[in-house]
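The values are calculated or read from the model by the stated rules, or taken from the named source; none is laboratory data. Bear in mind the structure is a predicted one, so any value in this text is a computation, not a measurement. Every residue, glycine as well, gets a Cβ built from its backbone with ideal geometry; the counts of neighbours run over all protein chains shown.
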Amino acid sequence: MKLIRQIKLFFQEGTSDKVYEIDLCEAGDATYVVNFRYGKRGANLKDGTKTIFPVSMADATKVFDELEAEKRKKGYREQNETPVFVVKTSNGADKDELSAQKKTILKHLKTFLNGEEHETWPISRIVWRAGELKIKEAIPEMLKILQQKQNDFTIYSVVYLAARCGTDTEAILFLRDAYKRETLANYLKETVQAALLNICDEKERELLRFEISEALPQSIKQLYSEKKYTDLDKFLDEAFNELRVSANKLIYRLYLLSLHDEELKKIVLKHLSKLSLSAGTFRSIRRIYKVAEMIEDTTVLALLAVKIERQKENFTGAGMYMNGRWIKIKEELKKEDSVLAFSKNTKKYFVSRTVRTLNRLGEDHSQSYTKLATQILLQFSDKVNDASPQKTVKSDYKYNQATRTYEQQTKTTFFDSYSYNRAFYFILFKNSIRYKLNSEKTRLVCVAPFEPGKPFINAREEAFPYLWNEAPEEILLLLGTSKCAFVLEFAVQVFRDNPSFREKAGTDIIISLLSSDSEKVQRLGFELAAERYNKEQPDKKLVAALLACKIKEANTLAQDWIKQNPALFMNDEEFLVFIIQNRNLEMHAWLSNMLSLFKIDASVAENVTAKILSSVLSSSYDKNDEGFIYSLSEVLCTSIIPLIP
């Protein structure tokens with residue numbers, strides 16, 4: 001057959017590197033066929049045809065173009081084509097790959113039981129991978145494997161698998177049996193205990209909690225058993241600050257007790273965020289990190305991942321002087337009461353581990369990817385963290401043989417906000433051409449000609465976009481609570497790319513969007529509010545939020561709605577109190593005008609005045625509030641109080 005037209009397309013994401021070739025060939029007698037080949041780059045390609053029987057040139061061209069368009073929509077591009085980052089709408093092929101992985105792992109497990117070992121993967125690694133993919137079908141094989149292989153890492157891998165397989169009966173029975181073994185190493189027994197707490201029923205969980213609480217200091221044990229969590233929180237504040245109790249084992253035990261206890265979890269999160277990564281705490285923090293990773297406790301894992309990345313390491317090198325003596329670091333770290341913790345290498349390891357975990361969850365199409373990524377992104381706030389871009393300027397002198405002089409050469413390197421946070425950039429900019437890791441793999445640098453603050457193409461740059469397209473709850477959570485401009489811009493873009501997300505936004509969420517510090521988020525909230533408003537059943541909270549919004553069009557729309565039914569709104573005490581207490585002072589002037597046109601009931605005026613005065617007297621103000629207090633007083637004195645008999 002004669003080749004008439006051909007295109008070779010390539011796709012790269014994560015460890016995936018694929019090729020897709022399309023041929024349009026003449027079959028003879030003015031008829032044509034469209035064939036294709038696909039597979040991993042560099043491997044033998046599979047082939048197929050889109051035309052079972054030869055067709056006309058026009059039909060063949062249409063088939064060719066449609067197939068090319070389909071592949072481009074999924075992100076395929078020609079070899080030298082500038083990358084354009086698109087929304088991936090389908091991941092069916094990748095799910096097929098995951099299914100194939102599971103089958104391969106089960107095959108390797110059975111092969112091992114038949115007396116054959118894999119050439120490159122030890123059995124513990126295969127079991128570990130089964131745990132990562134949560135393959136419940138692997139549990140019977142793993143129990144048989146333990147009868148042949150009893151080293152600690154294999155046991156740990158099997159525990160990891162059991163912990164991640166939900167409430168599987170065989171998994172729970174195995175964990176119960178392992179927990180009773182007196183010969184089990186302490187760290188393994190603690191891992192089994194955490195796994196059991198995560199997947200057992202409430203009755204068994206209570207027994208485990210009692211056992212853990214018995215090891216707590218008496219004062220803390222009593223507060224915990226009586227569920228006096230407010231007092232427990234205060235006690236821990238004092239105890240940790242004054243070093244009256246060791247935080248190391250205590251914080252770990254409290255974390256285990258907080259599993260499936262949201263009130264206690266809030267207290268644990270608070271203290272985990274405050275504790276330093278020192279010798280007195282890091283050992284337990286490291287254990288908590290690994291347990292949270294195992295059971296996919298994304299809230300705790302995200303907090304610790306960002307905490308570790310932000311804190312400066314405590315030491316580097318092989319040795320150091322401390323308290324007048326030379327300490328060999330490797331030997332010191334082996335001690336149970338080591339005075340050292342959190343080295344440069346340890347920090348580097350955990351930073352890389354977090355990124356690996358994110359990448360693995362994404363490639364495995366796990367819903368935990370967007371949950372973990374969301375919690376990590378929520379750790380960043382432009383008001384709290386230093387989000388200012390930076391730059392370094394290095395000068396050097398190079399000899400110019402033509403002029404026989406040394407000429408100064410200057411190199412400027414730009415760093416955007418949060419450039420030291422690899423997980424942050426992995427989540428938001430993995431597919432970006434704007435940033436790259438520096439040679440030390442410690443910081444993200446801007447790729448010329450891009451500089452911070454410069455406009456850039458409106459493109460999706462995040463890792464695993466198709467997973468975000470399936471995560472409306474996480475995107476809405478980011479939109480409603482994030483205080484980071486990068487995160488909000490990302491979330492707005494994903495939301496707008498997915499029209500189906502709009503129906504997921506309830507009134508409370510829309511109100512939170514309208515009060516955002518980001519104009520883009522406010523405008524999105526304004527659009528949703530305009531779509532959602534029902535004239536027959538007006539939502540007063542939504543109208544009040546539009547009045548408080550900083551967008552003029554939102555204020556005007558809300559005012560128009562109120563004018564259509566003034567009696568409904570102007571005689572609502574809570575509605576009036578909300579507007580008067582709002583710091584959008586232009587609304588005060590508008591309200592005064594409305595009250596001059598529509599007289600409210602005397603009882604409403606009296607109750608509104610009482611509520612406003614009570615609020616003012618119970619609040620504290622400074623000089624910056626003078627304008628607000630004056631405006632509020634003017635509304636009360638001129639438009640509300642005169643209506644009281």
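Remarks
- Whichever residue in segment 332-357 is surrounded by fewer than 13 Cβ atoms within 10 Å (Cβ to Cβ) and of a type in the set (K, R) and, among such residues, is farthest from G280 (Cα to Cα): R356
- Checklist (1) farther than 23 Å from D539 by Cβ; (2) at pLDDT 90 or above applied to M594, failing item: (1)
- Residue in segment 394-417 that is in contact with a helix residue (DSSP H, G or I) (Cβ under 6 Å, 6 or more places away or on another chain), under 30 Å from L476 (Cα atoms) and in contact (Cβ under 8 Å) with a residue 24 or more places away in the chain present: no
- Count of segment 170-225 residues which are outside the structural domain of M142 (by TED's automatic domain parsing) and small (G, A, S): 4
- Flag if S614 is assigned to a helix (DSSP H, G or I), among the small types (G, A, S) and at pLDDT 90 or above: yes
- Qualifying residue in segment 149-163 (condition: closer than 30 Å to K203 by Cβ, within 30 Å of the chain's Cα centre (by Cα) and in contact (Cβ under 8 Å) with a residue 40 or more places away in the chain): yes
- Residue count for segment 404-424 under the criterion of being touching a Phe, Trp or Tyr at 6+ places or on another chain (Cβ under 6 Å) and crowded, with 16+ Cβ neighbours inside 10 Å: the result is 2.
- Verdict on R37 being over 21 Å from A60 (Cα atoms), touching a Lys or Arg at 6+ places or on another chain (Cβ under 9 Å) and surrounded by fewer than 16 Cβ atoms within 10 Å (Cβ to Cβ): no
- Residue check, T82 closer than 30 Å to P499 by Cα, at pLDDT below 70, over 28 Å from the mean Cα position of the chain (by Cα) and in a loop (DSSP other than H, G, I, E, B): yes
- Applying the condition of being assigned to a helix (DSSP H, G or I) and either acidic (D, E) or outside the structural domain of V158 (by TED's automatic domain parsing) (or both) to segment 106-142 and asking which residue is farthest from F174 (Cα to Cα) yields E132.
- Meets criteria (of a type outside the set (G, A, S), at pLDDT below 90 and part of a strand (DSSP E or B)) for V33: yes
- Filtered residues of segment 92-123 (kept if closer than 18 Å to S16 by Cβ and at pLDDT 50 or above): D94, K95, D96, E97, L98, S99, A100, Q101, K102, T104
- Of all residues assigned to segment 262-278, at least one qualifies as being exposed (fewer than 14 other Cβ atoms within 10 Å of the Cβ) and more than 28 Å from A341 (Cα to Cα).
- Sole residue being assigned to a helix (DSSP H, G or I), out of contact with any Leu (no Cβ under 6 Å at 6 or more places or on another chain) and charged (D, E, K, R), chosen from D231, D237: D237
- Scan of segment 169-186 for residues that are surrounded by 11 or more Cβ atoms within 10 Å (Cβ to Cβ), without any contact (Cβ under 8 Å) to a residue 12 or more places away in the chain and not basic (K, R), ordered by number: L173, D177
- Of the residues making up segment 443-452, at least one is more than 29 Å from P499 (Cα to Cα), surrounded by 20 or more Cβ atoms within 10 Å (Cβ to Cβ) and either touching a helix residue (DSSP H, G or I) at 6+ places or on another chain (Cβ under 6 Å) or among the charged types (D, E, K, R) (or both).
- Helices (runs of 4 or more DSSP H) (entirely within segment 306-425) containing at least 2 residues that are within 26 Å of the chain's Cα centre (by Cα) and over 30 Å from E451 (Cβ atoms): 344-363, 368-377
- Residue satisfying condition, being modelled with pLDDT of 95 or more and out of contact with any Leu (no Cβ under 8 Å at 6 or more places or on another chain), within set Q193, Q218, Q222: Q222
- Of all residues in segment 598-612, those satisfying the criterion of being in contact (Cβ under 8 Å) with a residue 24 or more places away in the chain and loosely packed, with under 15 Cβ neighbours inside 10 Å are F598, K599, D601, A602.
- Which listed residue, of L524, L542, L528, is under 22 Å from the mean Cα position of the chain (by Cα), within 30 Å of T374 (Cβ to Cβ) and not in a loop (DSSP other than H, G, I, E, B): L524
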